Amino acid sequence: MEILNKERRVFVLGGGISKFAAERVDGNMRDWMNEAVLEALEDSGTQIADIEHSTTSYFSDHFDKQLKAGAIFHDNIGMCPKPNVRVEGGGGTGGLAIRNAYAYIKSGLCDSMIVFGGENMGRQVPSDVAQQFIALASDTDWEVQVAGFYIAYYAMMMTAHMDKYGTKEEQFATVSVKNHRNAMYNPKAHYPMDITVEDVMKSKMLSYPYKLLDNCLLSDGAACIVFSTAEWAEKNAKSWGSKPTVELTGTGCGTDFMRMADRPFPDPGIIHFRGKQSGAQQAYEMAGVKNPREDFDCFEVHDAYSGVELVTYEDLGFCKPGESGKLAEKGVFDLGGDLPTNTSGGLIGFGHPVGATGVGQGVEVLRQLRQEAHPKRQVELNAKRGGMDSHGGTGTFCAINIFERRD
Amino acid sequence: MGLEQINTLMEVFTAEDPMPFEHPEGDPWKDFREVMRIEWKMDFTYKHVLGKYSKFFIELANKKFVTTECPGCGKVWGIPRPLCSDCLTITKWKELPGTGTLIGYSVSHFVPAFMKVEKPYVLSVVKLDGADTLFTHQLRNYGDSTDDIKVGMPVKVAFTDEKVDHPLLLMHFEPA
Ligand SMILES: [Zn+2]
């Protein structure tokens, strides 16, 4: 990492979200991408004609039954013949796409990049078929065939966490309550709700220990962010100087074995996300983060299931292993707490259109750092730094990115 | 003639603006809210190759649980792999006794219908004796209640005599 050119910095100029919802029958993925792009261009005060490069973020070729869909999204917004590249890493796709923008701009391959991400999450097929498509993101020869599917995998991770640390179902239920509640102040969220721990506990048991309200949802939607160097922004972005300046200051990526069973046992075994631990270490080092709970004002984390959010707190260093449940109960990660997490509502409240999810996290952190979020979900800025964590599989691909306000 | 010419037509409808809160001056897409939905059927069957770990499945049919041991670093992988990913040495087949310990489990009361299993369905991760990493499979015959299932309990590989749709289903785990 010593080779990174410190003079060349990457800034976050603007973002856009096309509403996350159960089924967007008003259009298809192309239409949502267009909407997110138009909003990001307006927010950044840039012209598509000036932007030099794009990155496409979507996960499933099955849901959209369209290979190389990136070519379509890219030509729809008039980017041809300029370069485009697709990034893919399951649920971590959007986080990896932001990291890609950093790499391309930092290297000098381009001075500006537009990242668009979206997903058609398969309400167009019966839910059984959608589950089958998602199950294909685990090992199809060894896991899918034993009726492995994602809720069951994550539930296994959580029973192991409960056994080792004494984590309780009521503790991870608080995550669902918080994220649904935060979503109430995000008009683009799929699943805003005012619920209690009891509601979560009483919801239908899907796969012990996870109940219906512990899960995130399949959502349709799209998100977009424009990145550039300071020099490019000064020349091409009307927002430059008129809106608070936000910089992409850290990025990390970690991985683990596709099959949980293959991971070094007993550490991390099936309990922890090793890829988040190493990815966070890289990102924190780049951004000079020493104590994440103090050094961030907000953090979007990949809450595919409520318990995943707890384990993520531990693996991102917000607390010690095994402490997350108690701290969540105390409200440490609520709005107004030490480190508010998933102020957007997260995957559980905002929604999870896979390719849009990680990009949408970036839009939320940008809004928070510019103090543009809804007053009821706006965090207080102290460190002027926000983070995001996105992963695919059961932590097979992990991406951690950091934005900082500079003024 | 007209729409009825389209064999796959499901419906034509007017969609609502999903983000009216963004459009106080009116819907910018108002001329594009008429939407057609059609049915699109796809159906495939693959001739799937199980690759260099096929022997595992062949031996299951002989009621044996085999996996791979690395002659380079000595690691025994719970799920066989032809190339040791720790040291990139080509591995050797090794039979295991099939006994082990339950490391994690989940009890599913909902299982996607494409999986033809009985509910509640218990998926488990097991540390097999003689292996360094784990193996994922269904836990069956756990008794009257899933409350009896405990992390750390001894389990074993069991084989079925029934016909199965995938060779991996020739085995499952049971309490030992
Ligand atoms: Zn080896």
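The values are calculated or read from the model by the stated rules, or taken from the named source; none is laboratory data. Predicted model only: the values in this text are computed from it and were never measured. Positions of Cβ are generated from backbone atoms using ideal geometry, with glycine treated the same way; all protein chains shown enter the neighbour counts. Surface areas here come from the heavy atoms of the whole protein model, side chains and all, with no ligands, DNA or RNA. Shrake-Rupley method; radii C 1.70, N 1.55, O 1.52, S 1.80 Å.
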_Positions within segment A:16-34 being part of a strand (DSSP E or B) and at the interface with chain B (Cβ under 8 Å from one of its Cβ atoms), in sequence order_ = A:18, A:19, A:21
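From the list B:150, B:163, B:156, which one is open to solvent by 20 Å² or more (accessible area, probe 1.4 Å), of a type outside the set (Gly, Ala, Ser) and closer than 30 Å to residue A:204 by Cα?
Details: B:163 fails: closer than 30 Å to residue A:204 by Cα; B:156 fails: closer than 30 Å to residue A:204 by Cα.
Answer to the check: B:150.
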_Verdict on residue A:206 being outside the structural domain of residue A:92 (by TED's automatic domain parsing), surrounded by fewer than 18 Cβ atoms within 10 Å (Cβ to Cβ) and more than 22 Å from residue A:364 (Cα to Cα)_ = no
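Take residue A:180 and tell me if it is touching a Phe, Trp or Tyr at 6+ places or on another chain (Cβ under 7 Å) and at pLDDT 95 or above.
Values: touching a Phe, Trp or Tyr at 6+ places or on another chain (Cβ under 7 Å): yes; at pLDDT 95 or above: yes.
Yes; evaluated as a whole, the condition is true for this residue.
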*Out of the residues in segment B:117-147 that are among the aromatic types (Phe, Trp, Tyr) and either without any contact (Cβ under 8 Å) to a residue 24 or more places away in the chain or at the interface with chain A (Cβ under 7 Å from one of its Cβ atoms) (or both), state the one that is surrounded by the most Cβ atoms within 10 Å (Cβ to Cβ).*
B:135
*Kindly list, by first and then second residue, each pair from a residue in segment A:350-365 that is under 13 Å from residue A:304 (Cβ atoms) to a residue that is of a type in the set (A, V, I, L, M, F, W, C) and open to solvent by 10 Å² or more (accessible area, probe 1.4 Å), limited to pairs with Cβ atoms under 7 Å and residues at least 6 apart or on different chains.*
A:351/A:217; A:352/A:216; A:352/A:217; A:352/A:218; A:354/A:59
*asked:* Filter segment A:35-51 down to the residues that are more than 10 Å from every other protein chain (Cβ to nearest Cβ) and open to solvent by less than 30 Å² (accessible area, probe 1.4 Å) and list them by number.
replied: A:36, A:37, A:40, A:41, A:43, A:44, A:45, A:46, A:51
*Subset of segment A:232-291 (residues that are touching a residue at least 60 places away in the same chain (Cβ under 8 Å), of a type in the set (D, E, K, R) and open to solvent by less than 60 Å² (accessible area, probe 1.4 Å))*: A:247, A:256, A:259, A:276
*How about segment A:292-324: which of its residues are within 23 Å of residue A:211 (Cβ to Cβ), in a helix (DSSP H, G or I) and in contact with a Gly (Cβ under 8 Å, 6 or more places away or on another chain)?*
A:309, A:310, A:314
*Please indicate, with yes or no, whether at least one residue in segment A:365-387 is of a type outside the set (Val, Ile, Thr), assigned by TED's automatic domain parsing to the domain that holds residue A:181, open to solvent by 10 Å² or more (accessible area, probe 1.4 Å) and part of a helix (DSSP H, G or I).*
yes
*Selection from segment A:315-331 of residues that are under 21 Å from the mean Cα position of the chain (by Cα) and either surrounded by fewer than 24 Cβ atoms within 10 Å (Cβ to Cβ) or outside the structural domain of residue A:170 (by TED's automatic domain parsing) (or both)*: A:317, A:319
*Of the numbered conditions (1) more than 10 Å from every other protein chain (Cβ to nearest Cβ); (2) open to solvent by 20 Å² or more (accessible area, probe 1.4 Å); (3) within 16 Å of the ligand (Cβ to nearest atom), residue B:58 fails exactly one; give the number of that condition.*
(3)
*Given the conditions (1) touching a Cys at 6+ places or on another chain (Cβ under 7 Å); (2) at pLDDT below 95, report the number of the one that residue B:111 does not fulfil.*
(1)
_All positions within segment B:63-116 that are open to solvent by less than 10 Å² (accessible area, probe 1.4 Å), more than 16 Å from the ligand (Cβ to nearest atom) and within 13 Å of chain A (Cβ to nearest Cβ)_ = B:100, B:102, B:104, B:106, B:107, B:108, B:112
